[in-house]
Amino acid sequence: MLFLPEWSGLAKWPKPLLSSRRAMALRACGLIIYRRLQAGSPSSKVGDNIEYLLLQTSYGTHHWTPPKGHVDPGEDDLQTALRETQEEAGLNSSQFTLIEGFKKELQYTVRSKPKTVIYWLAEMNDCNTEIKLSDEHQAFRWLKLEEACKCAEYKEMQAALRAVHQFLHSKA
């Protein structure tokens, strides 16, 4: 018998749906979201005012990640990223701007299965917008690049955050 505690976020799904979601190919999509704080002193480096949003899962190892989730049937990848951001962080697409020219695909293994995660980049329109977590997450943090990489732990996510930072520096 499968027992799913209420806080897992999975308990609300009917068991046949849960089983079919786990059987599907592992593919997820999300947004790497950043905000620009007010510029510091004139001598501060470009990018010092950028912070990245990471959410801490309320399940498993409580890892930190940008908002992301599995692609539902009939959804395209970007629709998934937008839906998951709304569900997990309470942010709708009017609260951020998608940044053209950046899309990152990560590939790694989860429980002996290959997983693909596609991230787009988005900038908050207002750096003080409230984050509203779903029950899938227990905390969030806005972090500068090095702090975000330490929290992210996984080398693929760290590389994605560094790629975003480099991309933003190249546009400055």
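The values are calculated or read from the model by the stated rules, or taken from the named source; none is laboratory data. From a predicted model like this one, the values you see are computed outputs, not experimental measurements. Cβ sites come from the backbone with ideal geometry, for glycine too, and all protein chains shown count toward neighbours. These area figures cover heavy atoms from the full protein model, side chains too; ligands, DNA and RNA do not enter into them. Shrake-Rupley method; radii C 1.70, N 1.55, O 1.52, S 1.80 Å.
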> Across region 45-96, which residue is farthest from Ala139 (Cα to Cα) among those that are open to solvent by 70 Å² or more (accessible area, probe 1.4 Å) and of a type in the set (Ser, Thr, Tyr)?
Replying inline: Ser94
> Quick check: is even one residue across region 106-115 in contact with a strand residue (DSSP E or B) (Cβ under 7 Å, 6 or more places away or on another chain), over 15 Å from Leu54 (Cα atoms), of a type in the set (Phe, Trp, Tyr) and in contact (Cβ under 8 Å) with a residue 40 or more places away in the chain?
Replying inline: yes
> Does Thr116 satisfy being among the β-branched types (Val, Ile, Thr) and open to solvent by 40 Å² or more (accessible area, probe 1.4 Å)?
Replying inline: no
> Does Ala160 qualify as being among the small types (Gly, Ala, Ser) and modelled with pLDDT of 95 or more?
Replying inline: yes
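Would you list the strands (runs of 3 or more DSSP E) that sit entirely within region 14-130 and hold 1 or more residues that are under 19 Å from Gln166 (Cα atoms) and at pLDDT 95 or above? Walk me through it before giving the result.
Details: elements: 26-36, 50-57, 68-70, 96-110, 113-124.
By residue number, 26-36, 50-57, 96-110, 113-124.
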> What are the residues in region 136-152 that are assigned to a loop (DSSP other than H, G, I, E, B) and farther than 18 Å from Thr80 by Cα, if any?
Replying inline: Lys144
>> Considering only region 84-92, I want to know if a residue exists there that is within 15 Å of Ile33 (Cα to Cα), in contact with a Cys (Cβ under 8 Å, 6 or more places away or on another chain) and among the hydroxyl-bearing types (Ser, Thr, Tyr).
In response: no
> Can you name the condition, by its number, that Leu4 falls short on among (1) open to solvent by less than 10 Å² (accessible area, probe 1.4 Å); (2) at pLDDT below 95?
Replying inline: (1)
